[in-house]
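First the structure, in the form of structure tokens, and then the observations on it.
The values are calculated or read from the model by the stated rules, or taken from the named source; none is laboratory data. Computed from a predicted model, the values in this text were never measured in an experiment. Methodologically, a virtual Cβ is constructed for each residue, glycine included, from the backbone with ideal geometry; neighbour enumeration extends over all protein chains shown.
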């Protein structure tokens, strides 16, 4: 579903997960390693769209911390960044080694339902009449 909404975005490439990485039981790190293999770069940044209200400064902070420490994870867990070296040499993908940094401007609702999504946006946009 997410890929379908992105098909018409100019310059965007969609990388389909292979079957062995497409299960809900797969840790994120092997998926990130797969992405890095196909889209090489110095730092991989993952944005968890379950947190729809996340200021862009959080991305910059994650990139900066990852550059210094190898891996950074915001709290709430909306943004996760790793250097390519960190990902290439990651140990147990279920034991996250990231430096966690507090990001109070991320809306704390971890969206799993339509109602969660509406509440997150309503709370972040109090000046609109709902």
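In region 80-111, how many are at pLDDT 95 or above, closer than 16 Å to residue 28 by Cα and within 15 Å of the chain's Cα centre (by Cα)?
The number of residues fulfilling the criteria is 6.
Hey, can you tell me all the residues within region 49-69 that are touching a helix residue (DSSP H, G or I) at 6+ places or on another chain (Cβ under 9 Å) and at pLDDT below 95? Before you say what the answer is, go through the steps one by one.
Quick first cut of region 49-69, residues touching a helix residue (DSSP H, G or I) at 6+ places or on another chain (Cβ under 9 Å) only: 49-53, 66, 69.
The answer is 49, 50, 51, 52, 53.
Identify, by number, the condition in (1) assigned to a loop (DSSP other than H, G, I, E, B); (2) free of Cβ contacts under 8 Å to residues at least 24 places away in the same chain; (3) more than 30 Å from residue 125 (Cβ to Cβ) that residue 90 doesn't meet.
Exception for residue 90: condition (2).
Filter region 15-36 down to residues that are exposed (fewer than 12 other Cβ atoms within 10 Å of the Cβ) and either modelled with pLDDT of 95 or more or farther than 30 Å from residue 115 by Cα (or both), then give me how many there are. Spell out the reasoning first.
Going through region 15-36, the residues exposed (fewer than 12 other Cβ atoms within 10 Å of the Cβ) turn out to be 16, 18-20, 22-25.
If we keep only those that are either modelled with pLDDT of 95 or more or farther than 30 Å from residue 115 by Cα (or both) as well, we get 18-20.
Of the residues in that region, 3 qualify.
Tell me whether region 15-36 contains one or more residues that are touching a residue at least 12 places away in the same chain (Cβ under 8 Å), farther than 16 Å from residue 97 by Cα, touching a helix residue (DSSP H, G or I) at 6+ places or on another chain (Cβ under 8 Å) and part of a strand (DSSP E or B).
Our first condition is that a residue be touching a residue at least 12 places away in the same chain (Cβ under 8 Å); within region 15-36, this holds for 15-18, 21, 27-36.
Restricting the remaining residues to those that are farther than 16 Å from residue 97 by Cα gives 15-18, 21, 31, 34-36.
Now drop any that are not touching a helix residue (DSSP H, G or I) at 6+ places or on another chain (Cβ under 8 Å), which leaves 15-18, 21, 31, 34, 36.
Then drop every residue that is not part of a strand (DSSP E or B), which leaves none.
Checked region 15-36: no residue is touching a residue at least 12 places away in the same chain (Cβ under 8 Å), farther than 16 Å from residue 97 by Cα, touching a helix residue (DSSP H, G or I) at 6+ places or on another chain (Cβ under 8 Å) and part of a strand (DSSP E or B).
Would you confirm whether any residue within region 22-43 is in contact with a strand residue (DSSP E or B) (Cβ under 7 Å, 6 or more places away or on another chain) and closer than 24 Å to residue 125 by Cβ?
Within region 22-43 (the criterion being in contact with a strand residue (DSSP E or B) (Cβ under 7 Å, 6 or more places away or on another chain) and closer than 24 Å to residue 125 by Cβ), the answer is no, since none of the residues qualifies.
Looking at (1) in a helix (DSSP H, G or I); (2) more than 18 Å from residue 29 (Cβ to Cβ); (3) over 14 Å from the mean Cα position of the chain (by Cα), which one does residue 58 not meet, given that it meets all the others?
(3)
Taking residue 104 as the residue in question, decide whether it is in a loop (DSSP other than H, G, I, E, B), under 30 Å from residue 123 (Cβ atoms) and either free of Cβ contacts under 8 Å to residues at least 12 places away in the same chain or touching a strand residue (DSSP E or B) at 6+ places or on another chain (Cβ under 8 Å) (or both). If you could, list the steps in order and put the result at the bottom.
Numbers: in a loop (DSSP other than H, G, I, E, B): yes; under 30 Å from residue 123 (Cβ atoms): yes; either free of Cβ contacts under 8 Å to residues at least 12 places away in the same chain or touching a strand residue (DSSP E or B) at 6+ places or on another chain (Cβ under 8 Å) (or both): yes.
Spelling it out, residue 104 is indeed in a loop (DSSP other than H, G, I, E, B), under 30 Å from residue 123 (Cβ atoms) and either free of Cβ contacts under 8 Å to residues at least 12 places away in the same chain or touching a strand residue (DSSP E or B) at 6+ places or on another chain (Cβ under 8 Å) (or both).
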